[in-house]
1. Of the conditions (1) outside any helix (DSSP H, G or I); (2) out of contact with any Asp or Glu (no Cβ under 8 Å at 6 or more places or on another chain); (3) of a type in the set (Gly, Ala, Ser), Ala221 fails just one. Which one is it?
2. Within region 222-237, which residues are within 16 Å of ligand 2 (Cβ to nearest atom) and either touching a Pro at 6+ places or on another chain (Cβ under 8 Å) or under 18 Å from Gly54 (Cα atoms) (or both)?
3. Anything in region 161-183 that is surrounded by 17 or more Cβ atoms within 10 Å (Cβ to Cβ), touching a residue at least 40 places away in the same chain (Cβ under 8 Å) and in a helix (DSSP H, G or I)? List them, or say none.
4. Under 28 Å from Gly259 (Cα atoms), touching a residue at least 24 places away in the same chain (Cβ under 8 Å) and outside any strand (DSSP E or B): is that true of Leu201 in this structure?
5. So which of Glu240, Glu265, Glu301 ends up being within 11 Å of the chain's Cα centre (by Cα) and within 23 Å of Gly54 (Cα to Cα)?
6. Search region 366-388 for residues that are surrounded by fewer than 19 Cβ atoms within 10 Å (Cβ to Cβ) and pair each with any residue that is modelled with pLDDT under 95 and small (Gly, Ala, Ser) when their beta-carbon atoms are under 6 Å apart and the residues are at least 6 apart or on different chains.
7. So how many residues does region 268-300 have that are more than 17 Å from Leu245 (Cβ to Cβ), surrounded by 24 or more Cβ atoms within 10 Å (Cβ to Cβ) and aliphatic (A, V, I, L, M)?
8. Output the number of residues of region 186-199 satisfying the condition of being in contact with a strand residue (DSSP E or B) (Cβ under 7 Å, 6 or more places away or on another chain) and either within 14 Å of ligand 1 (Cβ to nearest atom) or among the charged types (D, E, K, R) (or both).
Amino acid sequence: MRITKITHSEAPIASRISNAVIDFSRMTVSVVAVHTDAVVDGEPVVGYGFHSNGRYAQTGILATRVLPRVEEAPAEAITDPATGIIDPVAVHRVAMANEKPGGHGDRAVAVGTLDMAVWDAAAKAAGLPLFRLLHRRFGTTPEPETAVWVYAAGGYYHPDKPLDGLRAEIGGYLETGYRDVKIKIGGAPLAEDMRRIETVLELLPEGSRLAVDANGRFDLATALEYARALSDYDLMWYEEPVDPLDYRAHAVLAEEYAGPLATGENLFSAADVRNLRRYGGLRPHRDVLQMDPSLSYGVAEYDAMLRDLALGGWSPRNCCPHGGNQINLALAAAYGFGGCESYPQVFEPFGGFAENTPITDGRVALPEAPGIGIELKPALHSMLRERL
Ligand SMILES: O=C([O-])CC(=O)C(=O)O
Ligand SMILES: [Mg+2]
């Protein structure tokens, strides 16, 4: 199996929503296709990748550094000799040649995007759904999970959507089969945020939970003020209260706030995760880690994160990746994560999962089609085919 070409493009993912720190009016996303000479059922194998919302398209880094390295690599350097199929871990190594440690940011997004496409191609060539391929390579349990807990992330600030719009949005998630939901905080004064929280809590039936996400907006004093107010509610978690790299502030908050804290979506390397484990004071029996492979160099780096976390008593059950991607769902099933984020109504056509896997009682089944399952999201698949 050989890579014949790699194409990439930028897709819009803009919308009028905002969280506490950014609006999404100019948001873009990189999309990548890895074309190969492998043929399955008469069709050439093409793997697709994209990255999660929140980071902009990475055209320059892909075009000038990451993709040329892979395109110029000899086939033997990126192929599994046992199967003749592309080895995504080897591709990751080649893509990272001549890159110094530290400074993980946009480069991690570029490599993570390519990584998704390579895993999609490798799984299609192997004739396996990605979660089964990942489980064979990395799994520590006898079998992968075949369904995963997911929660509906939304509740953004929207100029035309005060409390009525929020009610309608959350009601829609519950009707679709989600049990648990997440909304934004930190983009309005505390009293207004509390009204938003109470509005959603009034809607939630017994057994449903609400998480809140401040997107790293607060300084420690404000984060503590919110923590005191949030302590009145039994929240699913309080997410990214402070800057993601301020480990000491996390440690102080973890002493003060008894409920679960969540963070990690803006940690893009195993080295950053090690620092969180060492200095963040988070509690493995309670807190939630949300690193997202498409933003952080992909699956091999995620595996390194998990191996480091295990040293501090953290298990895959603590992980619930940001991003609402199908690859994250596959990883969640392969490793046995606690769950996976979902964006059922935002960030179309990237949000949500396969059309043939409805959400049932807050869980979604893994599709058995080979690859990530992008073909089972027809709007996404046709957009990727058109651009790539
Ligand atoms: O608003 C965003 O950037 C996305 C986010 O934090 C999340 O899904 O947790
Ligand atoms: Mg978040």
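1. Just one mismatch for Ala221, condition (1).
2. So the first thing to find is which residues in region 222-237 are within 16 Å of ligand 2 (Cβ to nearest atom), and the list is 223, 226, 230, 235-237.
Across region 222-237, the qualifying residues are Ala223, Tyr226, Leu235, Met236, Trp237.
3. Answer for region 161-183, where residues must be surrounded by 17 or more Cβ atoms within 10 Å (Cβ to Cβ), touching a residue at least 40 places away in the same chain (Cβ under 8 Å) and in a helix (DSSP H, G or I): Glu169, Tyr173.
4. On the way: under 28 Å from Gly259 (Cα atoms): yes; touching a residue at least 24 places away in the same chain (Cβ under 8 Å): yes; outside any strand (DSSP E or B): yes.
Taking the combined requirement at face value, the residue satisfies it.
5. Values: Glu240 fails: within 11 Å of the chain's Cα centre (by Cα); Glu301 fails: within 11 Å of the chain's Cα centre (by Cα).
Among Glu240, Glu265, Glu301, only Glu265 is within 11 Å of the chain's Cα centre (by Cα) and within 23 Å of Gly54 (Cα to Cα).
6. Sorted first by the residue in region 366-388, then by its partner, the pairs are Leu376/Ala354.
7. 1
8. Residues in region 186-199 being in contact with a strand residue (DSSP E or B) (Cβ under 7 Å, 6 or more places away or on another chain) and either within 14 Å of ligand 1 (Cβ to nearest atom) or among the charged types (D, E, K, R) (or both): 3 in total.
The values are calculated or read from the model by the stated rules, or taken from the named source; none is laboratory data. Note that the structure is predicted; figures quoted are calculated from it, not measured. When we count neighbours, we look across all protein chains shown, and the Cβ atoms used for this are built from the backbone with ideal geometry, even at glycine.
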